[in-house]
Amino acid sequence: MAYRVIQWATGGVGRAAIEGVLSHPELELAGCWVHSAEKEGKDVGTLIGRDPLGVTATRDIDALLALGADCVFYSPVMANKPELLRILEAGVNVVTPLNWFYRGDRNWQDLEDACQKAGVTLHGTGIHPGGITERFPLMVSALSAGVTHVRAEEFSDLRTYNSPDVVRHIMGFGVSPEEAMAGPIVDLLGAGFKASVRMVVDEMGFGGGAEGVDYDTVQEIAVATAPIEAPFGTIEPGQVAARRFEWRALVDGTPVVSAVVNWLMGEEHLDPAWGFGPAGERFEVEVTGDPDVLLTFKGLQPESIEEGLVRNPGIVVTANHCVSAIPYVVAAEPGIRTYLDLPLLAGRAAPHLGGRRSS
Ligand SMILES: NC(=O)c1ccc[n+]([C@@H]2O[C@H](COP(=O)([O-])OP(=O)(O)OC[C@H]3O[C@@H](n4cnc5c(N)ncnc54)[C@H](OP(=O)(O)O)[C@@H]3O)[C@@H](O)[C@H]2O)c1
């Protein structure tokens with residue numbers, strides 16, 4: 001019997017999630033929540049550019065929760081805590097790329113209580129933060145002895161990320177450098193990455209415990225020197241058009257874990273000049289130890305801006321990582337469960353090649 005999934009929001013991640021659910025042999029799309037009034041009442045197949053699926057998009061949360069689904073794939077632009085609690089309290093598991101990758105020293109007791117009471121699981125996963133930032137570094141670190149540094153780094157052209165709200169309001173592009181470097185944007189953006197760094201630190205034992213580790217954030221910015229077209233409109237000269245964040249854990253002042261993003265609106269008209277280097281767009285995971293190991297991920301960025309704006313592989317893998325987790329999350333013990341709690345999870349064979357778990 002297939003697990004029944006409700007998709008929560010149909011932005012880039014949400015649309016890719018629906019495709020992922022449709023092609024997963026153990027999953028079935030049961031319902032879909034939308035934020036936009038104009039999408040309400042539309043068939044979900046139509047919303048993702050396919051034939052009708054017989055599932056209607058709705059803004060009626062009660063009706064969705066009454067479906068008795070197994071899992072919600074929660075991917076609105078921003079998390080709404082009361083809404084999330086309501087889903088969990090209704091006895092529905094949740095997988096999401098928004099947050100809840102790792103608790104660290106934060107207080108998530110209300111969500112944990114809701115999970116325990118309703119017997120469900122909440123799991124945060126994705127790509128960055130998500131697999132690239134902590135799951136894959138932890139896996140790769142097992143190949144080395146005496147590890148001194150772990151790095152996960154993204155090099156992406158953000159002109160291909162077709163989420164104006166996320167790019168402007170969460171990633172902080174197209175604003176003044178002062179605005180970009182300050183408060184809310186940086187905190188909002190950094191929370192997930194910092195938690196991922198902390199997961200690697202805790203699991204690998206850097207610093208010998210919480211007291212022995214310091215955390216900091218290093219930021220670099222470039223501004224546009226000429227108008228640059230971005231997903232949300234034009235970035236004017238003087239506004240932020242490239243950003244580098246390095247979220248670090250340090251022992252005795254030396255970095256031991258780094259999660260890094262290099263987000264550029266192209267490689268032209270930037271001050272200071274900035275580029276991806278000869279290796280181009282990519283993700284890297286590097287473990288310094290005995291021996292040093294470097295893994296480069298290609299294929300997670302689109303070949304062209306046009307392709308990315310329609311269907312960005314980075315967004316698709318974010319959705320797929322969440323979708324692939326669903327059967328494991330539904331089967332997991334109740335509570336907030338991270339990569340450290342769940343078993344190794346895998347994708348599924350294509351339908352024409354079997355498309356079923358062998359065990
Ligand atoms: N961890 C990772 O690796 C990772 C990677 C990519 C994205 N993300 C996160 O995933 C989330 C979704 O990203 P996305 O690329 O799909 O963004 P998106 O394309 O902007 O879509 C977000 C969707 O949220 C809904 N929405 C819009 N305004 C809203 C509001 N005020 N309240 C509630 N919902 C609202 C809309 O849904 P409808 O269109 O259905 O109305 C919109 O399409 C973001 O928080 C992003 O940061 C995480």
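The table for this structure:
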| quantity | calculated |
| --- | --- |
| Sole residue being near the ligand (Cβ under 10 Å from one of its atoms) and assigned to a helix (DSSP H, G or I), chosen from 79, 17 | 17 |
| Matching residues, region 310-319, being within 11 Å of the ligand (Cβ to nearest atom) and either hydrophobic (A, V, I, L, M, F, W, C) or surrounded by fewer than 20 Cβ atoms within 10 Å (Cβ to Cβ) (or both) | 315, 316, 317, 319 |
| Given (1) under 18 Å from residue 259 (Cα atoms); (2) in a helix (DSSP H, G or I), number of the condition residue 147 does not satisfy | (2) |
| Residue within region 185-203 that is within 26 Å of residue 253 (Cα to Cα), of a type in the set (Lys, Arg) and out of contact with any Leu (no Cβ under 6 Å at 6 or more places or on another chain) present | yes |
| Residue 353 vs. criteria over 22 Å from residue 242 (Cα atoms) and more than 24 Å from the chain's Cα centre (by Cα) | yes |
| Single unsatisfied condition, residue 58 versus (1) modelled with pLDDT under 95; (2) polar (S, T, N, Q); (3) in contact with a helix residue (DSSP H, G or I) (Cβ under 9 Å, 6 or more places away or on another chain) | (1) |
| The one condition in (1) within 28 Å of residue 330 (Cβ to Cβ); (2) without any contact (Cβ under 8 Å) to a residue 24 or more places away in the chain that residue 178 fails to fulfil | (1) |
| Filtered residue count, region 23-58, keeping only those that are surrounded by fewer than 17 Cβ atoms within 10 Å (Cβ to Cβ), of a type in the set (A, V, I, L, M) and in a helix (DSSP H, G or I) | 1 |
| Candidates 122, 88, 111 - the one that is away from the ligand (no atom under 16 Å from the Cβ), buried (at least 24 other Cβ atoms within 10 Å of the Cβ) and touching a residue at least 24 places away in the same chain (Cβ under 8 Å) | 88 |
| Residue selected from region 127-144 under the condition in a loop (DSSP other than H, G, I, E, B) and away from the ligand (no atom under 12 Å from the Cβ), by the criterion nearest to residue 339 (Cα to Cα) | 142 |
| Verdict on residue 210 being in contact with a helix residue (DSSP H, G or I) (Cβ under 6 Å, 6 or more places away or on another chain) and under 19 Å from residue 102 (Cα atoms) | no |
| Test: residue in region 250-261 that is out of contact with any helix residue (DSSP H, G or I) (no Cβ under 9 Å at 6 or more places or on another chain) and either exposed (fewer than 13 other Cβ atoms within 10 Å of the Cβ) or aromatic (Phe, Trp, Tyr) (or both) | yes |
| Hits in region 91-108 (condition: of a type in the set (S, T, N, Q) and either under 24 Å from residue 204 (Cα atoms) or more than 15 Å from the ligand (Cβ to nearest atom) (or both)) | 93, 99, 107 |
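The values are calculated or read from the model by the stated rules, or taken from the named source; none is laboratory data. Fair warning: this is a prediction, and the values are worked out from it, not measured in the lab. Positions of Cβ are generated from backbone atoms using ideal geometry, with glycine treated the same way; all protein chains shown enter the neighbour counts.
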